[in-house]
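The values are calculated or read from the model by the stated rules, or taken from the named source; none is laboratory data. The model shown is predicted, which means the values in this text are computed figures rather than measured ones. Every residue, glycine as well, gets a Cβ built from its backbone with ideal geometry; the counts of neighbours run over all protein chains shown. Just so you know, the surface numbers come from the protein's heavy atoms only, side chains and all, with ligands and any DNA or RNA stripped out. Shrake-Rupley method; radii C 1.70, N 1.55, O 1.52, S 1.80 Å.
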Amino acid sequence: MRLLKTRHESGLRVNILPKSGFTKKFAGIYIPFGSVNTVVRYNGRSVRLPAGTAHYMEHCVFSKDEGGGLLSRLSAMGANANAFTSFDSTMYYFSSSENFREILDVYARAVMSPYLGQDRIESEREIIIQELGMYKDNADNSAFNELTANMYSRHPVRYDIGGTPDSVRRIRPVHLEAVKCTCYFPPSAVLTICGDVDLADVPDLSEYSVQNKTIDETAVNDLHFGTVNEPLSVLKRESRMYMDVAVGSFLLGFKNQQTAKLDAMTRSEFLRYKKRSELLLDTLLGEASDAFEYLFKRGLINDSFGVSAVYLNGASFIMIGGESNDPESACYEVRKILNEKLIEGPDDRSRNDFDLKVKMSTGDFVRSLDHVDSLGMMQSRMSVYDLDVFEYFGIYDNMDIDEAFNDLRSAVSDEASSEVYVFRKKR
Amino acid sequence: MLNKDISRGIGLGVFDGCHIGHAELILALVSKSAYLDLVPAVYTFRNHPSYVTGDTGRISDGILTDDAERDRLLKEKGVADVIYQDFTETFSSLEPEEFLNDYIATGCNAKLVVVGYNFRFGRDRKGDVQMLSEWGMHNGIEIIIVKPVMYRGEPVSSSAIRKLIRTGDLRYANGMLGRSYRLSGEVIQGQRLGTKLGFPTANFYPADNMCLPANGVYVTRLFVNGKCYDSVTNIGNRPSVPGRTEQPVVETMILEGDIDLYGRKIDVEFMCKLRDEMQFESLDLLKDSVSKDVARATEYHADSEDIRVLGIRDNIKLSGIHSRRFATNILSISIILPADKERVSEYKLLSRVLTATSGKYPSRNLLINKMNSLYGAVINCSTSKSGDALTIEFTADALHCWDDDTYSFKDAADLLFDMISFPDLDENDCFKEEIVEAEKKGLISEIRSRENDKLKYSLDKAMAEYAGDSVFAVRAFGDVSVLEGLDGERLKRAYDRMITSGYVYAGIAGRFDRKISDHVLDRLADIFRANEPERRIVPGVFPGYFYRNSDPADKSEIRDVEQTKICLVLENTVGNVSYRNMGITLMNEILGGDVDSLLFRTVREELGLAYSVFSFSVPQMNALIMLAGVAGENSETAVTAMKEQLSRIRRGDYDDSIMISAKTSLRSMLVQSSDNLRDMMNNWSASEMRGSYTRVEDLIDEIERIGKDDLCRIAAWYKPAVSFIVTGKTRKSRIKQQG
């Protein structure tokens, strides 16, 4: 199995991962535009976008029309289609076992030419506000938004990917038009197809390529997403939220102090950094760690406890947390344990655990190749780094726990951390 | 003599073949018997009635199952007793009423009688279903007439299956049977001509009265001593060699190599036909042809990802789906036990305790490190509840091997077996309190946190209201009040019960080889006590169906939420007890199972009332559930709109394109399930539960044949049963103002 990379004459970058013997085929269209991209250059001037514009755009691509909307149309052709907006990109994807070429043609054309009539924009607005309402009832989501808002004073990561009801109400056709013209066209997108597929499946999107657009040429190669001068410190050290929950929770966030260094890394350096950090955090606080066992046995955490990290241009942070009957004690203990571990450095046990986690991770990677859609999605996500999945496999070579400890020590600082507690509100 | 103090549900019929139509009848019998507290029994005949009535045309093709096989298959489907009647001249001359009064009502103490739509009985076959229904009404005996079951548009019947077998269309016949057709016999000493030609075979003469496939060569599987072997079979009169036989002989060659089976009882299952019987002019030509047959059969077996039985030991069956497409193997071991409130919680906690540590790896760290050392093998234990049965499933999901041969799937399977068989116990042979307490706290915290998600909460509350205090109301995730009282000693008792009294079955999928499957079977037999020889564990009567006996209820609760959460539960009042639920599945797909559904199109897209609105069906609860999160001020409009979408299906008031889209979507989902080992395993597990296997292409065919009228009928079965609405404070103040 190997990846075929090409650039279509429309300017579309194409990744083809042939995997025969499977009926399922996958396609993902990666658009390098997400919620943190709050400024675009359009017709020679900067357009500042309200929070949630990228997510609104995703809705507009799928918005209803006389025929029931794109999703209905794709579904009727046999596609299981969906999309998501993240901080730094928007991904449109589907899998199907029939009509693959036709579905991809319809889908790709819809992505490249979202209809942005006032009627359609308005019809989505209320649905999006409903969606935000749904997330607001979710304690995890609310805690996450609170944490990013605490940690970041300027970087747009501090806003919910979907924006707020107010920001969504401020989104105008001109904002969406600006996004459409700068990001939703072939040269800026990456298409990944996987399964029993070949180049002939790739639709000709030349009509949407830059030559046919009447936009400012400079906007094509010089996407400007706005730079921010984000301080290393956090805005707020602690938040306490009271919600209608049965079990409380906590989130402990560390603003990565090495963000500037990360931004300057080569892609493969960065991926190795990311992977070894993940593996180290899992070694120190994951299910097999003595920290987990200690907290779990004391009833301070349950299986929802976890560690994750977000890496964005100009904003990187680590989050630790989960549900707890005593969120404050749990958070206190986690912070204490992490600090102790970082001071002690690696010992025989953590070295052994780390090596086994590398082994597990390589096995997981090979197992993921069994699934057309997970393989396709993995490659689509790799588009961010312009890498192919098989190169990615190479990052497991020579994973070094000492290096990982050094990375983590220089990344986290108690002074640049924030805690969010969700407590049960008395009814 | 029958004990007449026992009240029985009686299934009447010959049941030759125990095909998928019979399975529907048995399901109606066992589920209704459970509801009425009756013992489900089948009243049948030791010899086929046609031998006495002289209507031999019906069985001129032979019979499909002998008494022992029929008995086994009926009991496997939940029948408790099989009552045999000798079909004599005297018996055949009974008047229909005489038969019903003396033999069924009095003789069997029947309170329920279930028959097929074309059942005839009594002298000259005068009695029919109309007469039976009237008799039941007069005598206070409930009668269920089971409608014809269709397979690819044709009604399923034993005679249709016999004809298909006789013409060699085994694939079609097997579809109607729900399993592969099987012939059995004792291996005889032949002339060893096959061995001389390089193709050793095990030969037997099947019983005279059995239905024989048309003469020819077939892809088969051979079963001997609880093991299964890929094989190729010739059935015929051996026209090309000396010693032509009058009676057709079954000659089976095991593809894996020569095994001496002389004198052994073997079973041969027929998958499909390769060619007709031919007469060859020379032994060389015969040899060439057999070589080609062997090559084609080998290829068929290698490429076929059909579910197959790999072996049976102590009545514990190991099934397999062999596939060369995946780098992974999955081993699944299921144990079924009767469910009640206490047990569900015990086993939920036990499932966590057994995977937290083990006797060999007595800490989380050691156990997880062991899994990591096996390239991230995932060993899991989960519990689920289906009707009144609880299933505990252990799985090992791991790579088949690693390039340097330092690891193979056998290591992962062994870790799983060690975790089951050597738990981490204290000096009193009980589970360690420290571990039990920690897992208990974690589990209770997770159960409580379900309430954090108010949509889930509204569903939990609605289902509790719907199922009342029956065992069906018990949710698989456990009950806090029960969990709080559990300790290491009680868990050990639950563990012992699981090992010694559960009904066990296992499956393996992926690249596994015979070495691994034999090893798995050995270990299963070592750990678990043998399954009951005949009747499988049927908690209550499994699968138990829920029949609700309460009035509709509308409940609501005011909580601190931004969005109102709506859960509507509709009850199938007709009580569609069936293994064949594709009609309900399609109806749900149109209602709210997909993005091209009426709920999505109307409630979300047209009316803009909800971002998330969907539906799903729970067949064993006879329930259809609609869920939505809406702005508080829209909740009443949304409830009306949601109910209206079901009414539209009842009226057939929707565009044909939605039906086409729903069918496409289901077809796609079914086809794609063959690309995922776990989905394939789930399909196997469902087949194991119902005791018959349905191929994906048959399910697709069933969907394609469903029309709008069918869906109007199905939608009309559902009536509102419970609504549970969680509203926010704004709504509360509005209610106050209105109030």
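A few notes on this one:
- B:MET150 vs. criteria within 26 Å of B:ASP306 (Cα to Cα), at pLDDT 95 or above and among the hydrophobic types (A, V, I, L, M, F, W, C): no
- Leading residue by the ranking (nearest to the other protein chains (Cβ to nearest Cβ)) among those in region B:558-579 that are among the hydrophobic types (A, V, I, L, M, F, W, C), more than 11 Å from B:VAL726 (Cβ to Cβ) and not in a loop (DSSP other than H, G, I, E, B): B:LEU568
- Region B:370-411, residues that are in a strand (DSSP E or B) and under 15 Å from B:GLY510 (Cβ atoms): B:VAL378, B:THR395, B:ALA396, B:ASP397, B:ALA398, B:LEU399, B:CYS401, B:SER408
- Of all residues making up region A:43-58, the number that are part of a helix (DSSP H, G or I) and touching a residue at least 60 places away in the same chain (Cβ under 8 Å): 5
- For region B:380-392, the criterion of a residue being in contact with a Ser or Thr (Cβ under 9 Å, 6 or more places away or on another chain) and within 12 Å of another protein chain (Cβ to nearest Cβ) is satisfied by no position.
- Residue count for region B:333-357 under the criterion of being within 14 Å of another protein chain (Cβ to nearest Cβ) and not basic (Lys, Arg): the result is 6.
- Residue, nearest to the other protein chains (Cβ to nearest Cβ), within region B:417-461, restricted to residues that are of a type in the set (Phe, Trp, Tyr), under 29 Å from B:GLY507 (Cβ atoms) and open to solvent by less than 50 Å² (accessible area, probe 1.4 Å): B:PHE431
- Summed over region B:399-416, the residues that are within 14 Å of chain A (Cβ to nearest Cβ) and either more than 35 Å from the chain's Cα centre (by Cα) or open to solvent by less than 20 Å² (accessible area, probe 1.4 Å) (or both) give a count of 8.
- Within region A:314-328, considering residues that are open to solvent by 40 Å² or more (accessible area, probe 1.4 Å) and out of contact with any helix residue (DSSP H, G or I) (no Cβ under 8 Å at 6 or more places or on another chain), the one nearest to the other protein chains (Cβ to nearest Cβ): A:ASP326
- Within the option set A:LYS5, A:LYS24, being of a type outside the set (Ser, Thr, Tyr), within 14 Å of chain B (Cβ to nearest Cβ) and open to solvent by 20 Å² or more (accessible area, probe 1.4 Å) holds for one residue only, A:LYS24.
- Residue within region B:586-601 that is in contact with a strand residue (DSSP E or B) (Cβ under 9 Å, 6 or more places away or on another chain), more than 18 Å from A:LEU132 (Cα to Cα), of a type in the set (A, V, I, L, M, F, W, C) and facing another protein chain (nearest Cβ under 10 Å) present: yes
- Within the set B:ARG678, B:ARG650, the sole residue that is open to solvent by 40 Å² or more (accessible area, probe 1.4 Å), on the phi < 0 side of the Ramachandran plot and touching a Leu at 6+ places or on another chain (Cβ under 9 Å) turns out to be B:ARG650.
- Apart from one condition, B:LEU183 fits all of (1) among the aliphatic types (A, V, I, L, M); (2) in a loop (DSSP other than H, G, I, E, B); (3) crowded, with 19+ Cβ neighbours inside 10 Å; the exception is (2).
- From the options A:GLU340, A:GLU287, A:GLU269, residue that is surrounded by fewer than 20 Cβ atoms within 10 Å (Cβ to Cβ) and within 14 Å of chain B (Cβ to nearest Cβ): A:GLU287
- Members of region A:109-163 found to be open to solvent by less than 40 Å² (accessible area, probe 1.4 Å), assigned to a loop (DSSP other than H, G, I, E, B) and under 24 Å from B:GLY728 (Cβ atoms), listed by number: A:ASP137, A:ASP160, A:GLY162, A:GLY163
- For A:GLU102: the one exception among (1) more than 21 Å from A:ARG13 (Cβ to Cβ); (2) in contact with a His (Cβ under 7 Å, 6 or more places away or on another chain): (2)
- Candidates A:ASN352, A:ASN302, filtered to the one that is surrounded by fewer than 19 Cβ atoms within 10 Å (Cβ to Cβ) and closer than 29 Å to B:LEU374 by Cα: A:ASN352
- Residues (part of a loop (DSSP other than H, G, I, E, B) and within 14 Å of chain B (Cβ to nearest Cβ)) located in region A:239-266: A:ASP244, A:VAL245, A:ALA246, A:VAL247
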